Each structure stands twice: as structure tokens, then as C-alpha cells.
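Shown next, in C-alpha cells, is the structure this report addresses.
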Amino acid sequence: MLTFLFLIIFSRIIWVAVKATWSVTKIVLFIFFMPLLFIGAIIGGLMYVAIPLLVVAGIISLITRPVN
């Protein structure tokens with residue numbers, strides 16, 4: 001019975017750790033690599049791809065921004 005209790009507790013702790021790691025990974029990828037992708041597209045001459053992506057990202061950020 002005690003082993004089963006430990007299994008439940010540790011599985012929940014591991015699940016929370018995985019969720020936290022995934023959240024941090026998404027934040028890092030969005031903050032650091034997304035701008036690098038846009039800058040690389042502009043430098044590489046793919047302006048016709050970079051500008052619509054920036055417009056869509058701006059519209060999404062305006063729509064999903066929390067209202068105080």
C-alpha cells in the first residue's frame with residue numbers, strides 16, 4: 001500500500017516537472033528563436049514571407065493580450 005502511495009505521489013511530481021519544462025521551452029523558443037527566424041528571413045531575401053508572418057503575429061498578440 002505504501003509503495004502504491006509513493007508511486008502516485010512521484011508520478012504527479014514528475015508530471016508537474018514535465019509541464020513546467022514544456023512551458024519554459026515554449027517561452028524560450030518564442031522569445032529567442034522566433035525573432036531570429038524573422039531576421040534570417042529578411043536577410044535571406046524572403047521579405048514576402050517575413051512581413052505577413054509579422055503582421056499575423058502582431059494581430060494575434062493584440063487579440064490575445066489580457067485586458068486590465
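Coordinate-derived values only; no laboratory data. Only a predicted model underlies this, so the values are computations on that prediction, with no experimental measurement involved. Counting neighbours? That spans all protein chains shown, and the Cβs are built from the backbone with ideal geometry, glycine included.
Extending 7 Å from Cα along the Cβ direction at residue 15 and again at residue 3 yields two label points whose distance is 2.2 nm. Among the listed values (i) 0.91; (ii) 0.96; (iii) 1.30, the one computed from these coordinates for Rg/Rh (Cα atoms, Kirkwood Rh) is (iii). The 3J(HN,Hα) values that the Karplus relation (6.51, -1.76, 1.60; θ = phi - 60°) gives for region 26-43 are, in residue order, 4, 5, 5, 5, 6, 6, 9, 8, 5, x, 5, 5, 5, 5, x, 5, 5, 5 Hz. Gly and Pro appear as x.
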